[in-house]
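Contents: one structure, followed by commentary.
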Amino acid sequence: MKLINNGGSLVAVGKVTLDRVIVIQQVKIIQGENGLFVSLPRQSAHKKEKAEWHNILTILTEQAREDMERAVMESMKKELLRNTAPVSKLQVKITEIPTESCLKAFATVHYDNILTIQGIRIMESNGKRWVSMPKQKSGAGYQDLLFLSTPLARQSFDSQILDMYERQREQQRKKYGQ
């Protein structure tokens, strides 16, 4: 499910796969007067300037509908958790680069003793600092070799790297009296 944050009644939209055979797209979670509900795809038919909506799909048993709704709601809850959980299992090592270019340092990140990411760049230009993920040339441009799954995860990841960089710089200033 993809969460929708537009202030309207549409909360999420996604697809449901039945028995790995049939995929139903445009399954929606809507905030109604009596709470959240699952809406299957519908089609409008205009009759005398009034739109009427017709179901495209019908779930034949109450149990099947309840099972599908439960799975859709669970998927939305997982997406909510994924979008609110910051990255918290990082160990960051910074290697500063003594240069006048916008490249200020490289970072190596160890994630939960599972994965090590090398070649992360800490960049700075016009007073703005940012993290640049490892890239590979692709056609006329460059493509990130990895990315974080949500904007919140990326923000958490970047801020931990930049915080470690700033702490290391502060330690250097104190050590050398700058």
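The values are calculated or read from the model by the stated rules, or taken from the named source; none is laboratory data. Remember, it's a predicted structure, so these values are computed and weren't measured experimentally. Here the Cβ positions follow ideal geometry from the backbone for every residue, glycine too, while neighbour counts run over all protein chains shown. Just so you know, the surface numbers come from the protein's heavy atoms only, side chains and all, with ligands and any DNA or RNA stripped out. Shrake-Rupley method; radii C 1.70, N 1.55, O 1.52, S 1.80 Å.
With all protein chains in place and a 1.4 Å probe, the accessible surface of the chain carries 50 percent carbon and sulfur. You can think of it this way: the chain between residue 96 and residue 17 has 23.6 nm of extra reach, that is 0.36 nm per residue less the Cα-Cα gap. Residue separation of residue 132 and residue 169 scaled by 0.36 nm, minus their Cα-Cα distance, works out to 11.4 nm of gained length.
Within the range 87-178, the ratio Rg/Rh, alpha carbon atoms throughout and Rh by Kirkwood, equals 0.99. Neighbours of residue 13, meaning other residues whose beta-carbon lies under 12 angstrom from its beta-carbon, give a summed charge of +2 when Lys and Arg score +1 and Asp and Glu score -1. Once you divide the Cα radius of gyration of the chain by 2.2 N^0.38 Å, the number left is 1.53. Highest GNM mean-square fluctuation among 162, 36, 18, for the chain modelled with Cα contacts below 10 Å: 18.
When 163, 19 are compared by accessible area at a 1.4 angstrom probe, the order from most to least is 19, 163.
Straightening the chain between residue 78 and residue 55 buys 5.5 nm, computed as 0.36 nm per residue apart minus the Cα-Cα spacing.
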